[in-house]
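The values are calculated or read from the model by the stated rules, or taken from the named source; none is laboratory data. Quantities reported herein were computed from a predicted structural model and do not represent experimental measurements. Here the Cβ positions follow ideal geometry from the backbone for every residue, glycine too, while neighbour counts run over all protein chains shown. Protein only, heavy atoms only, side chains kept; ligands, DNA and RNA dropped before computing areas. Shrake-Rupley method; radii C 1.70, N 1.55, O 1.52, S 1.80 Å.
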Amino acid sequence: MSTFRRIYNSVPGIADAYGAAQAVLKKIESRNAARIQRLQQKIDALDPNDAQYEARKRQMQYHIMQSKFRDEINKPEFQELILNPHKPAPMSEYTAREIKKQHWHEKQQMLLMQRLEQLHIIPDTLPTFRPKVDVSLRFPGLRTRVLEPGTILPSSVTARPPVVNIQPFDEHDEGLYSIILVNPDIADTENDSFRTKVHWVLADVPISLTNTRVKYPIMGAPTEDEGTEVLQYIPPTPELNAGFERLCLWAFWQRKPIVGIEDLKTQFQNVTSARQLRDMCKRLQLRPLGAHVWRNRYDRTTDSVREQYGLPEGRVFTPIRISERPATKRNQFN
Amino acid sequence: MRALTGRSISKRCMSIKAGAILSRMPVITKELDDFEISYYNYTSELEKRLMWTFPQKFFFRPGSLAERDFEELQTRPAGAEKLVYYPFGRPDVVEGRDRNSKQDIRLPAPSYDPEDKSSMSRPIEPNSRITDADKKNDLKSLERALDKPLYLVVKEKSSSSWVFPTFSINEDSALHTAAEEGLFTTGGPDMNIWTVSNTPALVQKLSEDRVYYIKSHILAGSFKLSRSSDYIDFMWLSSSEIPKHVSSDLWNCVNKILN
């Protein structure tokens, strides 16, 4: 027994109050148990040949889950989970999942949508959507644990691909996922506009409630819990004076494994506009369930990243067009 | 063909009635259950534990007679001694109070004459929660079951069953006025009734009638059954007592709007 516990004398009446509270909870529990039993009997009594059998069964099972949730939410371990959002939760349990989902709804989801809309990721890449899964990124070497959507990162940090986690909160959001990293901010001087570039594509990544890490083989064929790297990660290298580049990572839920995965690479390499990207997603039946975004701009590390990856030298932009620029010594290098 | 005709006739004969759910609101607070008692006890103990030390010097001037009288009644906890091992923690005594527990203050009892009933210093004696009507089980009294809402039920002359009072309405009278007038004709004019809303709270579908129940409270006076009414008896019942007297059909219909 610790010293503090030995010398502490608790407030009189706490044991009685705790016992009485337990009795109340037990009463609620038994009432819920009776309800669950009633529902179970109803499920057993359903006719499997009925056209609405599946729908009714699912509905009743949902009610059973809700009753169990109402029981378990009063338990100390789940109350602790409610009070401490950073505590890791057993996601295979419905109650823990619901609590985590609630936390996510209250903060992360709203923050993500705010960033996506304010940075015009929606509609510059894909149309608006309702996030269902929590996508979190971690860059090797970056100290921050969870990357907030919209953070401006140095090019050296984003030189290597991020570690992606996709956390579904519902069983029906489990399955295969695709990940596409899009950059809608490549300056296109010929058309006086910007074009879209796809930086990274992963497909057929298996994600479940407990297995949330996006895995893909560095070399060789993918194993069972790994996806396929369709397009290798191209590090973002913004141009001098061309402003921010928005790197939007979209997580799509796949209806089925992708057919003809070998041809996808060139197709994604040829994507130059948001319209083409949307067409691709529609054709591959990809449903966006989550997203994340970060930003890059030209900094002192960009040139070294270009060198490291053997990328061509960057362009330099000025507010005055080349044709209109007076030839001075200062801008001779163009 | 005949069946169809019969149905249309019965539909035409369907009448609308105004029912009255006359209630007496609780007079005193409800009985606490075990959990509430123990929880309030715990929170009050906790509050006492966290309370500031009694500012004795403010209330009793040092060196005064009043301070001496006060000091004589107190039992001060012993402070920690040197070279003594306290297995359950050293007493933390400041200003004559052990800070690990609540402070027990005893005030000198005020002097009063027990014979003098008008003395300002006499202790307060609350009235009993159980009234004479409770002891006699007088179901006609409004002064029974003070902590629960009571509802008026009446006995029908024709079927001698217990029901909530219902009244037929004229074509040009509203539901709530019909219910109020009906209550005054059955219960006499010595009542102060407040009808909650002119919207009915419930509709009971009978084979031939529709009864729309209007909720109202009795604020003062008493219900005295008049001889000329359609009812022969009445009772004031709490919601837990009603199902013992009324039919199960009526109870299943009405119980949702009773407290």
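Of all residues in segment A:92-102, count the ones that are touching a residue at least 40 places away in the same chain (Cβ under 8 Å) and open to solvent by less than 20 Å² (accessible area, probe 1.4 Å).
Adding up the residues that qualify gives 1.
To keep it simple, each residue is scored yes or no on (1) among the basic types (K, R); (2) farther than 27 Å from A:N191 by Cβ; (3) free of Cβ contacts under 8 Å to residues at least 60 places away in the same chain.
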residue	(1), (2), (3)
A:G227	no, yes, yes
A:L231	no, no, yes
A:E245	no, no, no
A:Q254	no, yes, no
A:L264	no, no, no
A:R275	yes, no, yes
A:D279	no, no, yes
A:G314	no, no, no
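Can you tell me how many residues within segment B:151-185 are more than 19 Å from B:E208 (Cβ to Cβ) and either outside the structural domain of B:S216 (by TED's automatic domain parsing) or open to solvent by 10 Å² or more (accessible area, probe 1.4 Å) (or both)?
Residues flagged as more than 19 Å from B:E208 (Cβ to Cβ) and either outside the structural domain of B:S216 (by TED's automatic domain parsing) or open to solvent by 10 Å² or more (accessible area, probe 1.4 Å) (or both) within segment B:151-185 amount to 12.
Can you report the number of residues in segment B:21-71 which are of a type in the set (A, V, I, L, M) and away from chain A (no Cβ under 14 Å)?
Residues in segment B:21-71 being of a type in the set (A, V, I, L, M) and away from chain A (no Cβ under 14 Å): 7 in total.
Of the numbered conditions (1) open to solvent by less than 70 Å² (accessible area, probe 1.4 Å); (2) within 19 Å of A:E171 (Cβ to Cβ); (3) of a type outside the set (D, E); (4) not in a helix (DSSP H, G or I), A:F69 satisfies every one except a single condition; which is it?
Just one mismatch for A:F69, condition (4).
Condition first: over 18 Å from A:Q118 (Cα atoms) and of a type in the set (S, T, N, Q). Now tell me which residues in segment A:138-158 satisfy that.
Matches in segment A:138-158: A:T144, A:S155, A:S156, A:T158.
Go through segment B:72-100 residue by residue and tally those that are free of Cβ contacts under 8 Å to residues at least 40 places away in the same chain, in contact with a Phe, Trp or Tyr (Cβ under 9 Å, 6 or more places away or on another chain) and away from chain A (no Cβ under 14 Å).
Selection size over segment B:72-100: 0.
Quick check on my filter: what residues within segment A:1-14 are surrounded by 12 or more Cβ atoms within 10 Å (Cβ to Cβ) and of a type in the set (A, V, I, L, M, F, W, C)?
A:I7, A:V11, A:I14
Restricting to segment B:212-244, and then to whatever is aliphatic (A, V, I, L, M) and exposed (fewer than 14 other Cβ atoms within 10 Å of the Cβ), can you tell me which residue is farthest from B:F184 (Cα to Cα)?
B:I232
List pairs: first residue in segment B:205-228 and acidic (D, E), second residue modelled with pLDDT under 95 and part of a loop (DSSP other than H, G, I, E, B) anywhere in the structure, Cβ distance under 9 angstrom, at least six positions apart or on different chains.
Close Cβ pairs (under 9 Å, with a partner that is modelled with pLDDT under 95 and part of a loop (DSSP other than H, G, I, E, B)) amount to B:E208/B:M14; B:D209/B:M14.
Please work out which one of (1) more than 20 Å from A:E93 (Cα to Cα); (2) modelled with pLDDT of 90 or more; (3) of a type in the set (A, V, I, L, M, F, W, C) is the condition A:F78 fails and give its number.
If we test A:F78 against (1) more than 20 Å from A:E93 (Cα to Cα); (2) modelled with pLDDT of 90 or more; (3) of a type in the set (A, V, I, L, M, F, W, C), just (1) comes out false.
Out of (1) within 14 Å of chain B (Cβ to nearest Cβ); (2) open to solvent by 100 Å² or more (accessible area, probe 1.4 Å); (3) not in a helix (DSSP H, G or I), the odd one out for A:N49 is which?
(1)
Checking A:I186 against (1) in contact with a strand residue (DSSP E or B) (Cβ under 9 Å, 6 or more places away or on another chain); (2) assigned to a loop (DSSP other than H, G, I, E, B); (3) open to solvent by 10 Å² or more (accessible area, probe 1.4 Å): exactly one of these is not met. Which one?
Going through (1) in contact with a strand residue (DSSP E or B) (Cβ under 9 Å, 6 or more places away or on another chain); (2) assigned to a loop (DSSP other than H, G, I, E, B); (3) open to solvent by 10 Å² or more (accessible area, probe 1.4 Å) one by one, A:I186 breaks only (2).
How many residues are without any contact (Cβ under 8 Å) to a residue 24 or more places away in the chain and among the hydroxyl-bearing types (S, T, Y) when one looks only at segment A:106-131?
1
Go through (1) among the hydrophobic types (A, V, I, L, M, F, W, C); (2) in contact with a Gly (Cβ under 7 Å, 6 or more places away or on another chain); (3) open to solvent by 50 Å² or more (accessible area, probe 1.4 Å) and name the single condition B:W194 misses.
(2)
For every residue, the table says whether it meets (1) within 30 Å of A:K26 (Cβ to Cβ); (2) open to solvent by less than 50 Å² (accessible area, probe 1.4 Å).
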{"site": "B:D34", "(1), (2)": "yes, no"}
{"site": "B:S38", "(1), (2)": "yes, yes"}
{"site": "B:E45", "(1), (2)": "yes, yes"}
{"site": "B:R49", "(1), (2)": "yes, yes"}
{"site": "B:K57", "(1), (2)": "no, no"}
{"site": "B:Y86", "(1), (2)": "no, no"}
{"site": "B:E95", "(1), (2)": "no, no"}
{"site": "B:N100", "(1), (2)": "no, no"}
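Does segment B:126-137 contain at least one residue that is more than 14 Å from chain A (Cβ to nearest Cβ), free of Cβ contacts under 8 Å to residues at least 60 places away in the same chain and more than 30 Å from B:W236 (Cα to Cα)?
No, every residue in segment B:126-137 fails to be more than 14 Å from chain A (Cβ to nearest Cβ), free of Cβ contacts under 8 Å to residues at least 60 places away in the same chain and more than 30 Å from B:W236 (Cα to Cα).
How many of the residues in segment A:15-45 are within 8 Å of chain B (Cβ to nearest Cβ) and either within 44 Å of the chain's Cα centre (by Cα) or loosely packed, with under 15 Cβ neighbours inside 10 Å (or both)?
Qualifying residue count for the region: 6.
Quick one: how many residues across segment B:185-204 are part of a strand (DSSP E or B), more than 23 Å from the chain's Cα centre (by Cα) and in contact (Cβ under 8 Å) with a residue 24 or more places away in the chain?
Final tally of qualifying residues: 2.
Report whether or not A:R278 is farther than 24 Å from A:Y309 by Cβ and of a type in the set (K, R).
Yes.
Only one of these conditions is not met by A:R58: (1) within 11 Å of chain B (Cβ to nearest Cβ); (2) of a type outside the set (D, E); (3) without any contact (Cβ under 8 Å) to a residue 12 or more places away in the chain. Which number is it?
(1)
I'm told A:F169 meets every condition in (1) within 14 Å of the chain's Cα centre (by Cα); (2) farther than 30 Å from A:H120 by Cβ except one. Can you identify the failing condition by its number?
That leaves (2) as the condition not met.
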